[in-house]
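*Asks:* Just dropping this structure here.
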Amino acid sequence: MAVMMGDKTAAGGGKVLRSTIEDNVFVFFVDHGAPGILAFPGPDDKHPFSFFYADQLMDTLEYMYTHRMYKELVFYVEACEAGSMFVDLPDDMNIYTMTASDEEVSSWAIYCDEEAIIEGKDLGTCLGDLFSINWMADTIKHRGQPRSLYDQFEYTKESTAENEELDRKGSPVCVYGDMEL
């Protein structure tokens with residue numbers, strides 16, 4: 001919250017957002033999620049996660065809006081049940097959000113198991129997520145060309161959805177907020 005609201009003191013003196021009403025802001029969050037929460041790495045092994053709750057996120061976005069910290073804000077979230085963070089997002093705050101999943105479904109990882117062996121070393125993790133791989137590939141493919149957020153959503157949604165014919169697991173990509181952006 002402190003980073004997004006530009007509060008350097010609360011952010012422990014680290015980097016914070018210093019945007020104004022003249023700026024377009026893009027936020028890309030990647031980590032774990034569950035209904036109504038996003039998770040961050042915790043401060044130590046005893047506390048492996050810190051949590052950011054949906055109401056805290058809405059309060060933060062409201063603060064940013066009322067303090068004119070952006071012209072338009074685009075927020076992409078890669079986490080399980082990511083849609084649950086945005087169900088209360090108003091459509092009149094110049095915020096557009098695309099999430100890897102809806103309010104109830106996990107996001108689907110990719111490049112796992114034998115695909116996560118690099119130079120003979122098994123990394124024991126997945127190296128990506130279908131949602132992120134798809135929207136980034138779409139961005140690269142259309143670099144330098146006009147491309148609407150809606151077109152990117154349509155491509156990412158189709159490419160990330162479960163597909164029984166291809167025997168592919170997937171997740172339901174969703175959008176929230178101001179669809180005019």
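The values are calculated or read from the model by the stated rules, or taken from the named source; none is laboratory data. Since the structure is predicted, the reported quantities are computational estimates derived from the model, not experimental observations. Neighbour counts run over all protein chains shown; Cβ positions are idealised from the backbone, glycine included.
*Asks:* Looking at segment 110-121, is at least one residue under 12 Å from CYS174 (Cα atoms), in contact with an Asp or Glu (Cβ under 8 Å, 6 or more places away or on another chain) and either touching a residue at least 12 places away in the same chain (Cβ under 8 Å) or part of a loop (DSSP other than H, G, I, E, B) (or both)?
*Replies:* We begin by selecting, within segment 110-121, every residue under 12 Å from CYS174 (Cα atoms); these are none.
No, the conditions are met nowhere in segment 110-121.
*Asks:* Scan segment 23-59 for residues that are outside any strand (DSSP E or B), out of contact with any Phe, Trp or Tyr (no Cβ under 9 Å at 6 or more places or on another chain) and at pLDDT 95 or above and jot them down.
*Replies:* Across segment 23-59, the qualifying residues are PRO35, ASP55, GLN56, ASP59.
*Asks:* I'd like to verify a number: residues in segment 1-20 that are in contact (Cβ under 8 Å) with a residue 60 or more places away in the chain and either in contact with a Cys (Cβ under 8 Å, 6 or more places away or on another chain) or not in a loop (DSSP other than H, G, I, E, B) (or both), how many?
*Replies:* Residues flagged as in contact (Cβ under 8 Å) with a residue 60 or more places away in the chain and either in contact with a Cys (Cβ under 8 Å, 6 or more places away or on another chain) or not in a loop (DSSP other than H, G, I, E, B) (or both) within segment 1-20 amount to 2.
*Asks:* Could I ask something else about it? Report yes if THR156 is in contact (Cβ under 8 Å) with a residue 24 or more places away in the chain, out of contact with any Lys or Arg (no Cβ under 9 Å at 6 or more places or on another chain) and among the β-branched types (Val, Ile, Thr), otherwise no. Write out each step before concluding.
*Replies:* On the way: in contact (Cβ under 8 Å) with a residue 24 or more places away in the chain: yes; out of contact with any Lys or Arg (no Cβ under 9 Å at 6 or more places or on another chain): yes; among the β-branched types (Val, Ile, Thr): yes.
Yes.
*Asks:* Could you list, in sequence order, all residues of segment 106-124 that are of a type in the set (A, V, I, L, M, F, W, C) and closer than 26 Å to ALA34 by Cβ?
*Replies:* The answer is TRP108, ALA109, ILE110, CYS112, ALA116, LEU123.
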